[in-house]
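**Student:** Starting off with a structure, shown below.
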Amino acid sequence: MIDITLPDGAVKKVSEGTTPIEIAKSISEGLARNVISAKFNDTTVETVTPLTENGTLTLYTWNDNEGKKAFWHSTSHVVAQALEELYPGIKLTIGPAIENGFYYDVDFGEHTVSEKDFPTIEKKALEIARGKHDYKMRSVSKADALQYYKEQHNPYKVELIENLEDGTITFCDHSTFTDLCRGGHIPNTGIIKAIKILSVAGAYWRGDENNKQLTRVYGISFPKQKELTEYLELLEEAKKRDHRKLGKELELFTFSQKVGQGLPLWLPNGAALRERLEQFLKKAQKKAGYEMVVTPHIGQKELYVTSGHYAKYGEDSFQPIHTPKEDEEFLLKPMNCPHHCEIYNSQPFSYKDLPKRYAEFGTVYRYEQSGELHGLTRVRGFTQDDAHIFCTTEQLNDEFKNVIDLTLYVLNSLGFNNFTAQVSVRDLENPEKYIGNTDDWEKAEQAIINAADEKGLNYVIETGEAAFYGPKLDFMVKDALGRNWQLGTIQVDYNLPKRFDLTYKGSDNELHRPVMIHRAPFGSMERFVALLLEHTGGNFPLWLIPTQAIVLPVSEKHEKYAEKVLNSLENHEIRALIDNRNETVGKKIREAELKKIPFMLIVGEQEEASETISVRRHGGEDLGSLRTEAFSDLVSTEINSTLKSF
Ligand SMILES: [Zn+2]
Ligand SMILES: [Zn+2]
């Protein structure tokens with residue numbers, strides 16, 4: 001008999017050789033029907049792998065990420081089989097699961113595959129899946145494995161096997177198909193009810209551009225057709241909301257190959273948006289006791305050697321900048337923190353002066369490979385809404401509460417109402433991984449947890465996820481499409497105060513080391529605007545949107561009155577434009593809709609006579625004729641409902 005420990009701590013005594021699926025059955029038939037993959041002692045196993053020793057078993061269903069991973073990887077085998085049957089002679093390489101679905105890299109030889117072939121591939125793969133074939137793992141000697149793929153003239157699998165150790169090599173069979181595979185499959189192909197080939201793209205063998213270019217076939221699969229339909233709808237919506245597309249349509253930002261990849265250029269609309277976001281945060285930060293500082297875009301290499309950033313970013317980063325005469329070396333600033341440490345160091349502080357809270361919209365530069373760049377979410381230069389708080393350990397709890405308040409204020413004002421928090425703490429079993437003394441760590445972790453409790457946050461504690469230099473609190477925000485984004489990290493740091501020898505004079509007249517907190521509610525202006533665009537689909541909150549209203553005169557005759565209306569709106573601090581072009585009102589409305597302008601104000605004969613405007617809301621709702629004062633009240637009411645004061 002062996003002891004199998006389940007995640008809830010329960011221990012099952014079973015005979016040696018019992019499989020995970022049998023254990024699931026012994027718990028409940030319902031569970032057994034839903035279990036599609038398993039982990040035993042932290043290693044992925046098949047649901048039919050006989051367990052031969054004591055250990056911990058976790059069972060996964062489609063609702064778990066691990067379950068989805070097994071489901072999608074298993075589907076990649078089926079799709080590979082379909083491809084082999086449809087395109088004889090192709091050479092298969094690797095086919096892993098990814099965040100959403102799976103891919104298979106294939107050398108198609110003389111065949112080409114494009115979108116028009118997808119339905120045929122899907123049909124064939126589904127046909128195979130319906131055969132309800134079991135996935136069966138078997139061990140193969142290195143010699144046999146090599147021979148198998150040499151006979152198939154597949155140099156890729158041969159290369160993979162050559163790098164494996166004899167005795168560790170396994171094949172997976174289902175139906176008539178065999179693949180080199182480490183395992184992690186669902187019980188059989190019959191569970192796969194819907195398969196979609198999503199795209200094809202070029203991919204170099206082993207990611208090396210000196211190697212042959214293969215075709216990467218992306219796909220996804222589901223246990224229900226309905227789930228595939230919903231996923232495709234979501235994908236369609238995500239395409240519409242892609243921040244790169246919206247950024248262009250709303251004229252917010254652009255990129256220039258001349259200026260350089262990954263370096264966004266903000267257009268007037270985008271700059272105005274950023275400015276408003278900055279003012280919004282600056283105002284709240286001022287109330288929260290922050291002081292603004294300004295630091296340069298470069299710093300001496302020595303600064304980053306001291307901070308430790310040189311060791312982290314130095315080698316793979318931008319190259320140093322050398323001055324013409326003196327032997328000086330500078331680096332583009334990858335982080336604002338070292339500069340802020342030196343600001344703290346510029347004068348002596350006593351415990352009565354703390355906390356010091358230095359804030360800066362600081363632009364930093366980090367090298368990213370060109371293939372990694374993506375719109376505003378992966379760039380080479382970006383501006384952080386950065387701040388560093390220097391305080392005593394006793395002040396950590398209050399400071400955390402303040403930062404949580406500020407972060408929640410930011411999220412709520414911008415329409416992010418669905419979020420959870422994560423507290424990352426030490427792994428107590430590996431104390432050597434962390435710097436700083438145990439007592440301080442305990443206090444800091446407790447301070448974060450207490451602050452999260454007192455603020456009523458919905459949080460989870462992740463053991464071992466803390467940085468080596470301190471525990472942290474992260475916010476995970478769910479956007480309108482259900483995707484998770486990490487935002488607003490609050491990080492405790494015992495490392496930099498030590499590296500920069502920061503001190504304050506305590507009530508005992510002795511010098512003490514302050515604790516540092518890094519925090520940035522937006523993260524960076526670039527990533528945040530991208531997220532905001534995709535979350536709102538470009539329909540920004542009224543207080544933030546660049547143009548709140550547009551005046552649309554029905555004809556030239558009403559231009560004068562339209563100007564008068566515009567003037568009055570401006571007096572009420574409403575950001576408005578006028579569309580004076582010699583076009584029909586219908587066309588002007590359509591274009592204003594595309595520009596996502598919240599209010600269209602139509603002025604013609606009637607409106608002029610009654611000194612009103614006809615108000616149409618973005619999306620089509622008719623608000624009737626209003627006087628500009630009434631309209632301005634409507635705008636302020638709406639703004640005040642989302643933008644409270646801090
Ligand atoms: Zn496999
Ligand atoms: Zn920092």
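**Student:** How about region 76-114: which of its residues are closer than 20 Å to TYR231 by Cβ and part of a strand (DSSP E or B)?
**Tutor:** Within region 76-114, ALA97, ILE98, GLY101, PHE102, TYR103, TYR104 qualify.
**Student:** Also, I was wondering about something else. Consider only pairs whose beta carbons are under 6 Å apart and that are at least six residues apart or on different chains; among these, list those whose first residue lies in region 72-99 and is more than 13 Å from VAL217 (Cα to Cα) and away from ligand 2 (no atom under 16 Å from the Cβ) and whose second residue is among the charged types (D, E, K, R) and assigned to a helix (DSSP H, G or I).
**Tutor:** Within 6 Å, the pairs are LEU86/LYS124.
**Student:** Residue by residue through region 303-359, note down the ones that are more than 16 Å from ligand 2 (Cβ to nearest atom), basic (Lys, Arg) and part of a loop (DSSP other than H, G, I, E, B).
**Tutor:** LYS325
**Student:** Could you tell me which of the residues PHE475, PHE540 is more than 15 Å from ligand 2 (Cβ to nearest atom), among the aromatic types (Phe, Trp, Tyr) and under 17 Å from the mean Cα position of the chain (by Cα)?
**Tutor:** Going through PHE475, PHE540 in turn, the sole match is PHE475.
**Student:** Further question: Output the number of residues of region 166-200 satisfying the condition of being in contact with a helix residue (DSSP H, G or I) (Cβ under 7 Å, 6 or more places away or on another chain), of a type in the set (A, V, I, L, M, F, W, C) and more than 11 Å from ligand 1 (Cβ to nearest atom).
**Tutor:** Adding up the residues that qualify gives 5.
**Student:** Give the residues of region 248-271 that are among the aliphatic types (A, V, I, L, M), touching a Ser or Thr at 6+ places or on another chain (Cβ under 9 Å) and surrounded by 13 or more Cβ atoms within 10 Å (Cβ to Cβ), sorted by residue number. Explain how you work it out, then say what you get.
**Tutor:** Initially, region 248-271 is screened for residues among the aliphatic types (A, V, I, L, M), giving 250, 252, 259, 263, 265, 267, 271.
Those left that are additionally touching a Ser or Thr at 6+ places or on another chain (Cβ under 9 Å): 263, 265, 267.
Those that are among the aliphatic types (A, V, I, L, M), touching a Ser or Thr at 6+ places or on another chain (Cβ under 9 Å) and surrounded by 13 or more Cβ atoms within 10 Å (Cβ to Cβ): LEU263, LEU267.
**Student:** Looking at ASP144, ASP117, which one is exposed (fewer than 15 other Cβ atoms within 10 Å of the Cβ), in a helix (DSSP H, G or I) and not β-branched (Val, Ile, Thr)?
**Tutor:** After ruling out the rest, the residue left standing is ASP144.
**Student:** Give me the pairs, please: first residue somewhere in region 490-502 and under 21 Å from ILE449 (Cα atoms) and of a type in the set (Phe, Trp, Tyr), second residue anywhere and more than 16 Å from ligand 1 (Cβ to nearest atom) and not in a strand (DSSP E or B), beta-carbon distance under 7 Å, and either six or more positions apart or on two chains.
**Tutor:** So the pair list comes out as TYR494/ILE435; TYR494/GLY436; TYR494/ASP440; TYR494/TYR469.
**Student:** Filter region 357-386 for residues that are charged (D, E, K, R) and touching a residue at least 12 places away in the same chain (Cβ under 8 Å); which is farthest from ligand 1 (Cβ to nearest atom)?
**Tutor:** Residue satisfying both the conditions and the ranking: ARG357.
**Student:** Return only the number of the condition from (1) modelled with pLDDT of 95 or more; (2) surrounded by fewer than 22 Cβ atoms within 10 Å (Cβ to Cβ); (3) not polar (S, T, N, Q) that VAL551 does not satisfy.
**Tutor:** With respect to (1) modelled with pLDDT of 95 or more; (2) surrounded by fewer than 22 Cβ atoms within 10 Å (Cβ to Cβ); (3) not polar (S, T, N, Q), VAL551 is out only on (2).
**Student:** Give me the pairs, please: first residue somewhere in region 318-343 and under 29 Å from ILE389 (Cα atoms), second residue anywhere and among the small types (Gly, Ala, Ser), beta-carbon distance under 6 Å, and either six or more positions apart or on two chains.
**Tutor:** LYS333/GLY299; ASN336/GLY362; PRO338/SER307
**Student:** Could you check VAL615 against (1) assigned to a helix (DSSP H, G or I); (2) at pLDDT 95 or above and say which number it fails?
**Tutor:** (1)
The values are calculated or read from the model by the stated rules, or taken from the named source; none is laboratory data. Note that the structure is predicted; figures quoted are calculated from it, not measured. When we count neighbours, we look across all protein chains shown, and the Cβ atoms used for this are built from the backbone with ideal geometry, even at glycine.
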